[in-house]
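This report concerns only the one structure given below.
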Amino acid sequence: MQKLYSFEKPDAYGDGLMVFMPFDGDLENAIKNIGYKGVYARHPNSGQDTNKPAITRDRFGNPNSAFRFDGNDTQYFHASAGQSRDRTYVAQGNEPRTLCAWFKPEELDDNTQFIIGWGSNNGDTAPFALRVATNRINAHVRVNKKLDMFADKISEGNWYHAALSYNDENNMVRLYLNGEAIAMSTNVLATSGSTLKVGGTPFVATNAFFTGVIDEVRVYN
């Protein structure tokens with residue numbers, strides 16, 4: 001986890017990295033992954049394409065290097081996994097996986113804001129996602145009515161690196177903030193879904209959309 005936090009530009013196709021969203025420039029050139037294609041989601045009610053998130057500065061002050069989301073359903077998108085004969089590019093079932101991203105919340109309130117993740121709450125499957133719950137980081141890994149993980153306070157206007165990992169050998173879920181483990185739970189996971197969503201509300205309809213900047217999204221096997 002220290003490596004994931006410290007390295008800014010790892011080998012895009014090495015070290016188990018399956019999905020990499022550097023968010024540099026326009027979306028068509030921002031998602032550089034094996035078998036992945038980034039698309040803007042359609043509004044769930046109107047069916048119209050959503051607006052593109054604004055290109056903004058990243059945590060180093062570099063222009064055109066991160067996406068700012070406006071906190072409502074006009075700005076979010078998803079990346080659909082290409083599927084080979086024997087796999088998709090995000091973990092399925094109880095496969096091990098790590099999800100991480102840099103983010104800067106800009107408006108925290110009482111709602112739980114979704115940052116990034118995939119999966120569903122249907123049946124015995126659980127989502128795998130990072131969220132901001134009020135002023136705390138939240139790992140959304142609920143299955144069989146077990147609770148999500150909440151840890152550490154965060155504040156508006158600051159950059160954070162969050163990572164969420166699952167190890168299928170010991171069913172251990174770990175939540176990291178800025179490279180340090182801050183919460184863990186034993187929870188058998190079964191995630192189903194090949195669409196990685198950013199800035200939206202894919203799991204629970206009452207959650208709020210993310211307000212702030214997201215950058216450097218990665219999924220590892």
Averaging the inverse of every distinct alpha carbon separation and then flipping it gives the Kirkwood radius. What is it for the stretch 90-221, in angstrom units? 14.4 Å
Ignoring ligands, DNA and RNA, what percent of the accessible area of the stretch 109-221 is carbon or sulfur (1.4 Å)? 42 percent
Whenever you get a sec, line up S194, S165 from highest to lowest accessible area (probe 1.4 Å, protein heavy atoms). S194, S165
How much length, in nm to one decimal, is gained on full extension between S155 and D124, taken as 0.36 nm per residue of separation minus their Cα-Cα distance? 7.8 nm
Students sometimes get this wrong: rank S155, S65 by accessible area, probe 1.4 Å, all chains present, largest first. S155, S65
If DNA, RNA and ligands are ignored and the probe is 1.4 Å, what is the ranking of R97, R59, R136, R68 by accessible area, most exposed first? R136, R68, R59, R97
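The values are calculated or read from the model by the stated rules, or taken from the named source; none is laboratory data. Just so it is clear, the structure is predicted and the values come from calculations on it, not from any experiment. All accessible areas refer to the heavy atoms of the entire protein, side chains included, with ligands and DNA or RNA removed. Shrake-Rupley method; radii C 1.70, N 1.55, O 1.52, S 1.80 Å.
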